[in-house]
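Okay, so here's the structure we're looking at.
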Amino acid sequence: MRGPFFWTIVDTANIPSLPKTPLTSLDGLDLLASAVIILDADSHIKFANAAAENLLESSFKVLAGQKLTELFLNGGDLVNVFHQALAHEFADKRLDLVLERAGRESLQVHVVVNALDDPEMPVLIELRENVQQLKLDREERMFDQSQANKELIRNLAHEIKNPLGGIRGAAQLLELELPDRQLKELREYTQVIIKEADRLQTLVDRLLAPHRRPHIVGDVNIHEVLERVRSLIVAEFPNGLSIKRDYDLSVPEFRGDKEQLIQAVLNITHNAAQALIERIEAGDAQLTFITRVARQVTLAKIRYRLALDLHIIDNGPGIPPEIHDRIFYPLVSGRDGGSGLGLTLAQTFVQQHQGVIECESRPGYTDFRILIPLP
Ligand SMILES: Nc1ncnc2c1ncn2[C@@H]1O[C@H](COP(=O)(O)OP(=O)(O)OP(=O)(O)O)[C@@H](O)[C@H]1O
Ligand SMILES: [Mg+2]
């Protein structure tokens, strides 16, 4: 029985390292995105394509002749299937494995083991990194991390808030005590303390805002939320910015806190408008609101049948690459005078609706996507 691959194994006795297979046909395997390993009957590696070298982080020279059991710390399952393939118990078999390696990250892979009918190379193994699993893992890590961050910020904000009042009060008292002849000169200093204390107070208040306000739940119509945000943005940027609306009016109402959602969408839209400043001046700035219903989505580890799928898209310069991975972290800003809280707050509000915010950005196209479960 031959495996489901496109090359034919013909005689290549004149190529010492790869007997029985023409170099050119195996070369073709280098074009594949999947890692391909061919083994002999003793499970020694006879061939590994470029993707396999990449995945295993070793060159073929290093891999050649190694046994399957030596590649992974927990290769037991793989070796069992290898023996089944050798015994021609199947033509090909698929399995998902987490393969552990000494001193390296383990590999989450979808494995296809193929029985070939070449006695020199009886088994071909195809490995593909399990992207879906990787994505879920990454989302899970990010979710845990953002929860930990929020906790940290909240505690820190409380710690700052308490002495802040004291500092401001003391500076005011000090100002009253200043001798008249030095008042003008020294007042400058006390005013700096008071002003900076006030600035910090505003920051701390914003940090604590989502934890303060009670969550007021009612029926939310997402299009009302978007229209409110639109009118606020239009009032602020009356010229040069067009807002396109592409609504799916069949999106049902859902239980949620309308004010929070307005704040979340406004923060995102406001960022977009700020990023569009140059285009607003040029008169071709474009914002797009899209609503859809998504089916069968997994949000924060839970699967939902239906979800609101909302996109806020702008044609601005894109998120600066150096902060792209951190924009949802508090105090991360790419803007002069930005406090870096807008997206943190937006994320907190959306998470309070069991939703997530995702972001895709490149120059000329930035898409913030909000997913929230629907009834
Ligand atoms: N649509 C966008 N296009 C380009 N960059 C963006 C966009 N949205 C966010 N950013 C970048 O992400 C950064 C973080 O945004 P965030 O709203 O959290 O903070 P901020 O806008 O800097 O400050 P704040 O909203 O607290 O006043 C922004 O400073 C900006 O650099
Ligand atoms: Mg902002």
*Mind listing whichever residues of segment 258-276 are at pLDDT 95 or above, farther than 13 Å from residue 226 by Cβ and out of contact with any Ser or Thr (no Cβ under 8 Å at 6 or more places or on another chain)?*
267, 270, 271, 273, 274, 276
_Within segment 335-375, considering residues that are under 16 Å from residue 308 (Cβ atoms) and aromatic (Phe, Trp, Tyr), the one nearest to ligand 2 (Cβ to nearest atom)_ = 368
*Using beta carbons and a limit of 8 Å, which pairs, at least six apart or on different chains, have the first residue in segment 42-65 and on the phi > 0 side of the Ramachandran plot and the second one exposed (fewer than 15 other Cβ atoms within 10 Å of the Cβ) and among the hydroxyl-bearing types (Ser, Thr, Tyr)?*
43/69
*List every residue pair whose Cβ atoms lie under 8 Å apart, where the two residues are 6 or more positions apart in sequence or sit on different chains, the first residue falls within segment 78-90 and is more than 14 Å from residue 37 (Cβ to Cβ), and the second residue, located anywhere, is polar (S, T, N, Q).*
90/84
*Could you figure out which of (1) within 8 Å of ligand 1 (Cβ to nearest atom); (2) among the aliphatic types (A, V, I, L, M); (3) without any contact (Cβ under 8 Å) to a residue 60 or more places away in the chain isn't true of residue 275?*
(3)
*Quickly run through segment 214-229 and pick out the residues that are touching a helix residue (DSSP H, G or I) at 6+ places or on another chain (Cβ under 8 Å) and in contact (Cβ under 8 Å) with a residue 40 or more places away in the chain.*
215, 216, 218, 220, 222, 225, 226, 229
*So how many residues does segment 217-270 have that are open to solvent by 70 Å² or more (accessible area, probe 1.4 Å) and within 16 Å of ligand 2 (Cβ to nearest atom)?*
3
*Got a sec? Which of 344, 348 is within 12 Å of ligand 1 (Cβ to nearest atom), hydroxyl-bearing (Ser, Thr, Tyr) and touching a Phe, Trp or Tyr at 6+ places or on another chain (Cβ under 7 Å)?*
344
*Within segment 194-235, how many residues turn out to be out of contact with any Leu (no Cβ under 8 Å at 6 or more places or on another chain), of a type in the set (D, E, K, R) and at pLDDT below 95?*
7
*Tally the residues that are under 30 Å from the mean Cα position of the chain (by Cα), surrounded by 13 or more Cβ atoms within 10 Å (Cβ to Cβ) and assigned to a loop (DSSP other than H, G, I, E, B), restricting the search to segment 55-71.*
1
*asked:* Just checking, does segment 147-164 include any residue being more than 30 Å from residue 108 (Cα to Cα), modelled with pLDDT under 85, open to solvent by 60 Å² or more (accessible area, probe 1.4 Å) and among the β-branched types (Val, Ile, Thr)?
replied: no
*asked:* Suppose we filter 326, 335 for residues that are within 8 Å of ligand 1 (Cβ to nearest atom) and farther than 27 Å from residue 252 by Cα; which single one remains?
replied: 335
*asked:* List the residue pairs whose Cβ atoms are under 8 Å apart, where the first residue sits in segment 281-306 and is open to solvent by 50 Å² or more (accessible area, probe 1.4 Å), the second is part of a helix (DSSP H, G or I) and at pLDDT 95 or above, and the two are 6 or more positions apart or on different chains.
replied: 286/279
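The values are calculated or read from the model by the stated rules, or taken from the named source; none is laboratory data. Please read all numbers here as calculations on a predicted model, not as lab measurements. Every residue, glycine among them, receives a Cβ derived from its backbone with ideal geometry; neighbour counts consider all protein chains shown. The protein model used for the area step is the full one, side chains on, heavy atoms only, and it has no ligands, DNA or RNA in it. Shrake-Rupley method; radii C 1.70, N 1.55, O 1.52, S 1.80 Å.
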